[in-house]
Amino acid sequence: MSEVPAETPFAMARVFVALRPPPAVRAALWRYQQSCLWPSAAARVPPEKLHVTLHFLGNVPRARVPELLPALRVACRPFCLTLRRTSLWPGGIATLLGDVPPELETLRSRLSQRLEVMGLAVDAREYKLHLTLARKAQGMHWPQAAPDFSWCATRYVLFESAHQGTLPYKMLCSYPMRGNAATDVLNAHQENPA
């Protein structure tokens, strides 16, 4: 078996840390998405890909992924998220917005510290809690009913985004929020992703 050359896309993993809404909330988000009026060019995010990004790491050498799995285990407590505002961002990115709970800001800060220690870039821009419903959505129309989506986040996830955008995300690790990072850091990669 020949080795994959270092310059190929397969030598890199495009990864991000996110919160995934539970199935019932994803289903409700999908119904809301269906009630929007989209232009023909709009690229709607499928229900299984709906998420709230915490940190987008971009392309990371695949050889470094095993060290990422335990490194991203941090102490954090569950918290509730609410999305009640709509916004069409530059480039036609249709998003739902919410306020950032203090626990989420703490989680993001602790993850930032771990990523910086590993020498990985962290986005320095102000964080906006958002969930993307569609891209290329210039000219879309929101439903008359305001969005109102809430759920309790009890875990965060390290995902790999395939180089082919149509493929589903691959869940690399799921991290339950237990408040104590030290007790199970060595078993982080064995968590049940459900």
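The values are calculated or read from the model by the stated rules, or taken from the named source; none is laboratory data. Being a predicted model, the structure only gives us computed values, none of them experimental. A quick note on method: Cβ atoms are made from the backbone with ideal geometry, for glycine too, and the neighbour counts reach across all protein chains shown.
For every residue, the table says whether it meets (1) more than 18 Å from Gly58 (Cβ to Cβ); (2) in contact (Cβ under 8 Å) with a residue 60 or more places away in the chain; (3) out of contact with any Ser or Thr (no Cβ under 8 Å at 6 or more places or on another chain).
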| site | (1), (2), (3) |
| --- | --- |
| Leu88 | yes, no, no |
| Leu97 | yes, no, no |
| Tyr127 | no, no, yes |
| Ala137 | yes, yes, yes |
| Glu160 | no, yes, yes |
Pro39 being within 21 Å of Cys173 (Cα to Cα), assigned to a loop (DSSP other than H, G, I, E, B) and not basic (Lys, Arg): no
Condition (residue is within 18 Å of the chain's Cα centre (by Cα), modelled with pLDDT of 90 or more and loosely packed, with under 13 Cβ neighbours inside 10 Å) applied to the stretch 177-185: is it met by at least one residue? no
How many residues of the stretch 1-21 are modelled with pLDDT of 55 or more and assigned to a loop (DSSP other than H, G, I, E, B)? The answer is 2
Any residue at all in the stretch 42-62 that's more than 22 Å from Ser161 (Cα to Cα), modelled with pLDDT of 95 or more and small (Gly, Ala, Ser)? no
Scan the stretch 128-161 for residues that are closer than 19 Å to Leu19 by Cα and touching a strand residue (DSSP E or B) at 6+ places or on another chain (Cβ under 7 Å) and report the count. 21
Every residue from the stretch 45-70 that is of a type in the set (A, V, I, L, M, F, W, C), touching a strand residue (DSSP E or B) at 6+ places or on another chain (Cβ under 8 Å) and either assigned to a helix (DSSP H, G or I) or within 22 Å of Cys152 (Cα to Cα) (or both): Val45, Leu50, Val52, Leu54, Phe56, Val65, Leu68, Leu69
Quick count over the stretch 101-133, residues being farther than 23 Å from Pro70 by Cβ and surrounded by 14 or more Cβ atoms within 10 Å (Cβ to Cβ), is 7
